[in-house]
Amino acid sequence: MARSSSSKDAQDLFRALWSAYAATPTNLKIIDLYVIYALFTALIQVVYMALVGSFPFNSFLSGVLSCVGTAVLAVCLRIQVNKENKEFKDLAPERAFADFVLCNLVLHLVIMNFLG
Amino acid sequence: MLLILALNKRTCSRVALKTLLTRSRSRRRRLPSATLLFFMLLLRAGMASNLGGLLALLLAVSICGAVTIPGPISDAHRSAALELFDGSFSSLEEAYEALRVFEILAIGNKPDVSATTCNKVVEILGSSSPVKDLFYALKVNGILKCKVNGDAVKDIASRLKAAVNDASTLVDMYYSIGSLVLIKDQASDVDVLLTDADGTFHSIKALSQSDGRWRYSSDNPESSTYAAGLALEALAGVISLASSEIDQSRVNKVKNDILKLFDSIEKYDDGTFYFDEKFVGGREHEGSLSTTSSVVRGVTSFAAVTSGKINLPGDKILGLAKFLLGIGIPGDAKDFFNQVESLALLENNRVSIPLVLSLPATVYSLSKKDQLKVRVNTVLGSAAPPLAVKLVRAFHSDAKDLSIIESKELQYDQNNGIHVLEVFPDNVDVGTYMFVFEIILHDSSGEKVYATGGQVHVPIYVTGIIKVSNTEIAVFDSDLGSVETQKTLDLAGNDFVSLSANHLQKLHFSFQLTTPHGHAFKPHQAFVKLKHETKHEHIFVVGNTGKKFEIILDFLGLVEKFYYLSGRYDIELTVGDAVMENSFLQPLGQVDLDLPEAPEKAARLPPLPVDPYSRYEAKAEIAHLFRAPEKRPPQELSLTFLSLTILPFIGFLVGLLRLGVNLKNFPSSAAPATYAILFQFGIAAVLLLYVLFWLKLDLFTTLKAVGFLGVFLMFVGHRILSHLASTSTKLKSA
């Protein structure tokens, strides 16, 4: 009984969370999706490395760091474009996007250099 | 050892040639260079650390040094000539040299080249070739007697006569006159006589110098001995071509020139004479052999056409023959020709004919009791006129004043053509002796025709078996002097002793050497060698005290030299000498040495000497060690994961669709839309550039391109983003 009630609680909790999240603006959802996509790609590479060993270690690092870096940058973008963050109220989302693009380009230049 | 002895005669001639070639420049004597060779061999033998080899080399060298009188031309020359002149000639000059050598040496089975060579001769005589070619073509024709068109020869003769008058250099005149002389000999119907012989004679004579040498041309101040030979031959040609007799006083002047030329002859201490160029440079330097043969050619041909004798000393002519024979067998065709032709000219010349005294063997063995033979030949090896050989005296090379034989005439063996000393005096013991021979011609008038060279000194090695006796080996205590072990050895019976000693004892070894005549004998070498099991060896010279040879090894003083190495040492005795027929290297036995432990400061044991020949052996193969390649996963697995990485991207796209993303915000008006598209393309371009950077570009090229693209991107990015920003603010404010 207790178990079913706790699972029911959990279901309720998730449902509440999901409904709360559904209220999020679409552009933030896109960014969230993008972050998840990047992290999953990184995860697959980590699994690959765990399976076959880390021989071209620089390649592995650049692959994972590319994903993680992109994810971090995307999180930063999400913080800046979120209207509820009063801190960045004066910052235009376009400006934040420009920063995001620039940082990504610099990050990937380094990644490519490191890729081998 | 025997092999080396057998080889040494041939090697000696090679060595002599080398020596001659070097001494023609450095004026070195033969003896020092032989000594040098000896030391080189000693050094080598020492490296091989083989005393037996050293002994053999010593014998070979000492006997090699004895052959000071070169023999006449022999069959060795004939076989060498067949090897050198193999029938392929690049020019008629070479062909002539080969044919002339075959003719002189009377070689029967020579390569048949007459057909091809005659074709060349006819071709050259039929065309207007240079004088030098004509000269050699005519020379070849003189030997081969090719069928040459008579009219062509007449043409050539008239052309050559004109050339003689026009010639300004000695070489041109030499070839033209030489060719005319050859035509005179070959075609008697052609008129070759020089009308202005006196003038030609004068113009050649005008090039002569006060010292008997000649200049090549009037505008060349350098005088040359080689040119003198050419000039004399040309003058001889002029005399034989003269239509009227040449003024005798002029001929006498040239004879004087020849005498002066012979004053500048070079010589060695052993009575060898030769000519050499005094200057180097300007012209191509002629070696002493070609210079000498040029002079010989000139003088003999001049002597042949003039009446009266040229008073050249016989010993100089003999010295020239010695020089030419001393070369041995040259390895170069030109040298070979020069040597053989000059010898042939000396063989039959009008000045004086050298007779060569040679010994088939300069070693006389007391044990074999053979006879000492002397041969007298002309330089080409033909029989000499009737003569007797007298042994004037013989003396030991250490005691010059004490003659052992005096004034003894050698018996002539008619059948073999050799002079034999039938009874070798009994009082001659082993050692090196100097025998002095003299040639006495039966016909006293022959002394003007032949050059015998007076007294000839020949070193003779008298060898015999040396008796080894009273061989004793003993070990005794240092301080007390009491003998611990004493053994007598019979070296002939291959006795073998085993001794033992410690560092407080001494080893004493003694023996006696006696000659067949019972005298004490002192060999060149007497060594004792101690060889440890580890191959470390120590050599001691056995000293000579009066009659006895003895050595005392005090081990106390030798411990350091022996590097405190205890254990078994093999003892070997080496006794050797050039006149000792039974030189030996014999193991005597072994001694077990008990030496003290090495103190800490003692010298370390040196590494064993490396065999010098081992450096020519193959080196150990080098195995290269490469880094093992890293383990790579199977390709399928990698490809699977590659496709797996696409899955999140698909998930991302699906998610976007579910969210209902659209491009409605994309600007609709022309200018911002263009900027938007350009902005997207710019980013794509930068990413493409990154891929290229990964694949092939380097960082600098990439950064340059990124710089340009970045500026462009900044511009369009700014335009589109500020447009979007202004639209959104308008929306908000609205």
Under the condition of being surrounded by 14 or more Cβ atoms within 10 Å (Cβ to Cβ) and more than 10 Å from chain A (Cβ to nearest Cβ), which residue from the stretch B:643-672 is farthest from residue B:718 (Cα to Cα)?
B:667
Of B:293, B:224, B:240, which residue is in contact (Cβ under 8 Å) with a residue 40 or more places away in the chain and within 18 Å of residue B:379 (Cβ to Cβ)?
B:293
If the requirement is being crowded, with 24+ Cβ neighbours inside 10 Å and either assigned by TED's automatic domain parsing to the domain that holds residue B:234 or without any contact (Cβ under 8 Å) to a residue 24 or more places away in the chain (or both), which of these qualifies: B:143, B:156?
B:156
Criterion first (facing another protein chain (nearest Cβ under 8 Å), buried (at least 17 other Cβ atoms within 10 Å of the Cβ) and at pLDDT 90 or above) does residue A:40 satisfy it?
yes
Residue hits (the stretch B:513-527; surrounded by 13 or more Cβ atoms within 10 Å (Cβ to Cβ) and either within 36 Å of the chain's Cα centre (by Cα) or outside the structural domain of residue B:593 (by TED's automatic domain parsing) (or both)) are B:523, B:524, B:525, B:526, B:527
Does the stretch B:376-404 hold any residues that are of a type in the set (Val, Ile, Thr) and either in contact with a Ser or Thr (Cβ under 9 Å, 6 or more places away or on another chain) or closer than 20 Å to residue B:452 by Cβ (or both), and which are they?
B:376, B:378, B:379, B:389, B:392
Please specify each residue of the stretch B:673-697 satisfying the condition of being in contact (Cβ under 8 Å) with a residue 12 or more places away in the chain, aromatic (Phe, Trp, Tyr) and within 12 Å of another protein chain (Cβ to nearest Cβ).
B:679, B:690
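Can you tell me how many residues in the stretch B:427-442 are outside any strand (DSSP E or B) and either buried (at least 20 other Cβ atoms within 10 Å of the Cβ) or at pLDDT 90 or above (or both)?
Start the filter on the stretch B:427-442 by keeping residues that are outside any strand (DSSP E or B), which leaves B:427-430, B:442.
Among the residues that remain, those that are also either buried (at least 20 other Cβ atoms within 10 Å of the Cβ) or at pLDDT 90 or above (or both) are: B:430.
Final tally of qualifying residues: 1.
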For the stretch B:553-567, check the following and say yes or no: at least one residue is among the aliphatic types (A, V, I, L, M), buried (at least 18 other Cβ atoms within 10 Å of the Cβ) and modelled with pLDDT of 90 or more.
no
Identify the single condition in (1) over 35 Å from the mean Cα position of the chain (by Cα); (2) surrounded by 10 or more Cβ atoms within 10 Å (Cβ to Cβ); (3) among the aliphatic types (A, V, I, L, M) that residue B:585 does not satisfy, given that it satisfies every other one.
(1)
Among the listed residues A:21, A:48, which satisfies the condition of being modelled with pLDDT under 95, closer than 24 Å to residue B:694 by Cβ and assigned to a helix (DSSP H, G or I)?
A:48
Return the residues of the stretch B:208-254 that are part of a loop (DSSP other than H, G, I, E, B) and under 22 Å from residue B:288 (Cα atoms); say none if nothing qualifies.
B:209, B:210, B:211, B:212, B:213, B:216, B:220, B:221, B:222
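Are any residues in the stretch B:172-215 of a type outside the set (A, V, I, L, M, F, W, C) and crowded, with 21+ Cβ neighbours inside 10 Å, and if so, which ones? Give the steps one after another, and end with the answer.
First, pick out the residues of the stretch B:172-215 that are of a type outside the set (A, V, I, L, M, F, W, C): B:172, B:174-176, B:178-179, B:184-186, B:188-189, B:191, B:195-196, B:198-200, B:202-203, B:205, B:208-213, B:215.
Scanning the stretch B:172-215 gives B:174, B:175, B:176, B:178, B:179, B:200, B:208, B:212, B:213.
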Considering only the stretch A:14-37, how many residues are touching a helix residue (DSSP H, G or I) at 6+ places or on another chain (Cβ under 6 Å) and more than 22 Å from residue B:663 (Cβ to Cβ)?
0
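Residues checked against (1) surrounded by fewer than 19 Cβ atoms within 10 Å (Cβ to Cβ); (2) assigned to a helix (DSSP H, G or I); (3) hydroxyl-bearing (Ser, Thr, Tyr); (4) at pLDDT 95 or above:
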residue	(1), (2), (3), (4)
A:84	yes, no, no, no
A:95	yes, yes, no, no
A:102	yes, yes, no, no
A:112	no, yes, no, no
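Tally up the residues in the stretch B:619-642 that are away from chain A (no Cβ under 14 Å) and of a type in the set (A, V, I, L, M), please.
Adding up the residues that qualify gives 4.
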By residue number, the members of the stretch A:55-99 that are more than 11 Å from chain B (Cβ to nearest Cβ), hydrophobic (A, V, I, L, M, F, W, C) and farther than 30 Å from residue B:630 by Cβ are A:72, A:73, A:74, A:75, A:76, A:77, A:79, A:81, A:88
Here is a check on your reading of the model: is residue B:85 of a type in the set (A, V, I, L, M, F, W, C) and in contact (Cβ under 8 Å) with a residue 60 or more places away in the chain?
yes
Exactly one of B:258, B:204 is part of a helix (DSSP H, G or I), assigned by TED's automatic domain parsing to the domain that holds residue B:177 and at pLDDT 90 or above, and that residue is B:258
Which condition number in (1) touching a residue at least 40 places away in the same chain (Cβ under 8 Å); (2) over 30 Å from residue B:510 (Cβ atoms); (3) not small (Gly, Ala, Ser) is the one that residue B:473 fails?
(2)
If residue B:527 satisfies all but one of (1) modelled with pLDDT under 90; (2) in a strand (DSSP E or B), what's the number of the condition it fails?
(1)
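Could you list all residues from the stretch B:520-558 that are small (Gly, Ala, Ser) and within 21 Å of residue B:488 (Cα to Cα)?
The answer is B:520, B:526, B:543, B:546.
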Would you mind stating whether residue A:27 is more than 10 Å from every other protein chain (Cβ to nearest Cβ) and touching a residue at least 40 places away in the same chain (Cβ under 8 Å)?
no
Among the residues of the stretch B:607-624, are any out of contact with any Ser or Thr (no Cβ under 9 Å at 6 or more places or on another chain), among the small types (Gly, Ala, Ser) and surrounded by 13 or more Cβ atoms within 10 Å (Cβ to Cβ)?
no
Scanning the stretch A:100-116 residue by residue, those among the hydrophobic types (A, V, I, L, M, F, W, C), farther than 26 Å from residue B:723 by Cβ and either touching a Lys or Arg at 6+ places or on another chain (Cβ under 8 Å) or at the interface with chain B (Cβ under 7 Å from one of its Cβ atoms) (or both) turn out to be A:109, A:112, A:115
If residue B:143 satisfies all but one of (1) of a type outside the set (S, T, N, Q); (2) modelled with pLDDT under 85; (3) more than 28 Å from residue B:218 (Cβ to Cβ), what's the number of the condition it fails?
(2)
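The values are calculated or read from the model by the stated rules, or taken from the named source; none is laboratory data. Computed from a predicted structure; not experimentally measured. Reconstructed Cβ throughout: ideal geometry from the backbone, glycine too, with neighbour counts over all protein chains shown.
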